[in-house]
Amino acid sequence: MNKQSNLGPVVGQLAGTNIYANQLQRKNSDWGGGKYTPSDGQDTNQAQPPVRKLTSTAKSIVIYWSRSGSTELLASKLVAATDSDVLEITLAQPYPADYMQTLDRANFERESNTPPELQLRLPDLSQYETVYLGFQTWAMTISQPMKAFLTDFGDALAGKKVAPFETEGGYGSGESIRVIQNILRTKGIGKVSLTVPLVIDGNRVDEADGEVAAWLTRIAR
């Protein structure tokens, strides 16, 4: 997939990486809840390494997975507002750029309870007090890559404040938060402080600065 010719304008940057978000070009009746939005090509990371900024001083980290760029843009807003470190989740077998092919695979993974294999080196999270987790609402639940992350690495969240942020197609968070709670409970993690989620329509992340600021104030109380 040629990123430059198919992705539209650059809408932001995260740790020096350009962000494209196809959904932002689909407003009002063209939105359709995000249906048929192609991948931004970034989740494949075929032309560049995953987004990864780790310091020795940050007290929070943003960990996210993005398919069409909107979640990555939302992650960039949180990184800028909180001076957090950042880690992009990547997959051993990336989803196709084609929406319907991705939908078929994601439905199979959800229905068979076989989340995708990750390709991820998790850093030591001991220095962080807060972990912001970024994902999408898919079929009214947590997207499969974030489910895989929690299943594989949820133990590392013990003792943290976990703050979920998600992009969605206009139908809300669904059962995403309950699924996160269940996975962590299954892993025997009882000391995670899970905040209320930040939930933003995927096609209006560029307009969400006020909601991001209000949410950060709310969860800091």
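The values are calculated or read from the model by the stated rules, or taken from the named source; none is laboratory data. Keep in mind that what you see is a predicted model, and the values were worked out from it rather than measured. Counting neighbours? That spans all protein chains shown, and the Cβs are built from the backbone with ideal geometry, glycine included. Accessible surface is based on the protein model in full, side chains and every heavy atom, while ligands, DNA and RNA are left aside. Shrake-Rupley method; radii C 1.70, N 1.55, O 1.52, S 1.80 Å.
Quick grid of which residues meet (1) in a loop (DSSP other than H, G, I, E, B); (2) crowded, with 18+ Cβ neighbours inside 10 Å:
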{"position": "PRO123", "(1), (2)": "yes, no"}
{"position": "PHE149", "(1), (2)": "no, yes"}
{"position": "ASP152", "(1), (2)": "no, no"}
{"position": "ASP155", "(1), (2)": "no, no"}
{"position": "VAL162", "(1), (2)": "no, yes"}
{"position": "ILE189", "(1), (2)": "yes, yes"}
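Which one of these is part of a loop (DSSP other than H, G, I, E, B) and open to solvent by less than 40 Å² (accessible area, probe 1.4 Å): ALA97, ALA75?
Result: ALA97 is the single residue among ALA97, ALA75 that is part of a loop (DSSP other than H, G, I, E, B) and open to solvent by less than 40 Å² (accessible area, probe 1.4 Å).
State which residue pairs qualify: first residue within 28 Å of ASP30 (Cα to Cα) and without any contact (Cβ under 8 Å) to a residue 40 or more places away in the chain and inside the range 161-182, second residue surrounded by fewer than 15 Cβ atoms within 10 Å (Cβ to Cβ) and of a type in the set (A, V, I, L, M, F, W, C) in any location, beta carbons under 7 Å apart, and separation of 6 or more residues or different chains.
GLY174/MET140; GLU175/MET140
Mind checking which pairs have a first residue in the range 80-107 that is more than 12 Å from ILE61 (Cα to Cα) and a second that is exposed (fewer than 13 other Cβ atoms within 10 Å of the Cβ) and at pLDDT below 95, Cβ under 7 Å, 6 or more apart or different chains?
Cβ pairs passing all conditions: TYR99/TYR36.
Sort out which residues of the range 183-210 are touching a residue at least 24 places away in the same chain (Cβ under 8 Å) and small (Gly, Ala, Ser), and write them in order of number.
If the condition is that a residue be touching a residue at least 24 places away in the same chain (Cβ under 8 Å) and small (Gly, Ala, Ser), then SER193, GLY202, ALA208 are the ones that fit.
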